[in-house]
Amino acid sequence: MALIVPATLGGLFTRTVLEWTTMKKNLLLLCAAAMLFGLGLAGSTWAQIDEAPSSNLRFVVLRDYNGKPVRNAAVVLHSMNRKGKQSSGGLELKTDNDGRANIDGIPYGSLRVQVLAPGFQTFGEDYKIDKPELEFTVKLKRPGGQYSVYENHGDEKKADDSKPPVQKPQ
């Protein structure tokens, strides 16, 4: 069974399809131009960021008592403002089997470095980043013993144990 379409309806349908495909092509070209423009702006922003001086940082984390590397230690970096307050967020690096961690492209300025590893005291220090290449060697110490009031500490006297001499009324 064949479908018979009047000539006027077929011409209208063909014209609508042609207009729709032309509009589709124009919309596609407009979207492509907008994407290229957006990528161009993003590229120029990245280029401006790259113009600021930056440093390549190298960290070596060692045990204080024998000089062996500490693997899988967390090296946490926080940028700081001019008032000495650390900014929110930060970067965390992990040391490899040789106790090394590296990062490139850190901008010049103040940087707070913290190193954390299980079984060691936490290390923290503020540094001024002002050279293109910097290497930091961090020696982690074992945790110190805790002071307990229940242990015998020898002849040490507490300050509050000393009583003032009793004065006799005159």
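The values are calculated or read from the model by the stated rules, or taken from the named source; none is laboratory data. Quick caveat, the model's predicted, so the values are computed rather than measured. Cβ placement follows ideal geometry from the backbone for every residue including glycine, while neighbour counts extend to all protein chains displayed.
Mind listing whichever residues of region 87-109 are surrounded by fewer than 16 Cβ atoms within 10 Å (Cβ to Cβ) and polar (S, T, N, Q)?
Across region 87-109, the qualifying residues are 87, 88, 97, 102.
Just one of 96, 104, 126 is free of Cβ contacts under 8 Å to residues at least 40 places away in the same chain, acidic (Asp, Glu) and out of contact with any helix residue (DSSP H, G or I) (no Cβ under 9 Å at 6 or more places or on another chain); which is it?
96
Just checking, how many residues over region 107-123 are touching a residue at least 12 places away in the same chain (Cβ under 8 Å) and closer than 21 Å to residue 70 by Cα?
So the answer is 10.
For region 47-59, check the following and say yes or no: at least one residue is in contact with a Gly (Cβ under 7 Å, 6 or more places away or on another chain) and either part of a strand (DSSP E or B) or modelled with pLDDT under 65 (or both).
Yes: one or more hits.
Limited to region 108-143, what total is found for residues that are farther than 11 Å from residue 75 by Cβ and outside any strand (DSSP E or B)?
12
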